[in-house]
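What follows is a set of notes on a single structure, which appears directly below.
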Amino acid sequence: MVKNEYSTAQKRTLLDFLKSNSDRDFTIDEIILAMTLESAEGLVSPAKSSVYRQIKKLCENGLVRRFESKDKNSFVYQFIESTEECDRHFHLKCVRCGKLYHVECSFLDSAKEHIRHKHGFVIGENQSILYGVCEKCRQTER
């Protein structure tokens, strides 16, 4: 969490939930359902507007990323914890399982430089995500 920012129990619960499930992404409704089920009594359902506000702040702080859902009709959120290193490489996102891969690759670095020099366009790596199907999902299709 960012210093000097008010921290509520609900915000801590949200961040803990996303951290412990960092290999997956969730819609707002899935987050609310999971947080409701994980609460001690299972009765307290966080307000959707509150979760949206908290998610927005977590995205702004670089702890969570927002992606288009598989069906492209909504957004999903995933804990990513932006670090200096994370902002310097590309990411691969599987459109089937939702897993996010961090990629250190000299070929992609060369492609980034080519695009900058030949096309005058600077790619923002902290927002560069290539979508496709991971090896595990491809193997289960066979």
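Observations
- Restricting attention to region 23-36, the residues that are loosely packed, with under 14 Cβ neighbours inside 10 Å and at pLDDT below 85 add up to 1.
- Matching residues in region 86-108 - criterion: being of a type in the set (A, V, I, L, M, F, W, C) and assigned to a helix (DSSP H, G or I): CYS86, PHE107, LEU108
- Test: residue in region 95-105 that is small (Gly, Ala, Ser), modelled with pLDDT under 85, closer than 24 Å to ARG65 by Cα and surrounded by fewer than 11 Cβ atoms within 10 Å (Cβ to Cβ): no
The values are calculated or read from the model by the stated rules, or taken from the named source; none is laboratory data. Owing to the predicted nature of the structure, the values given are computational and were not obtained by experimental measurement. Note: ideal-geometry Cβ built from the backbone for every residue, glycine included; neighbour counts use all protein chains shown.
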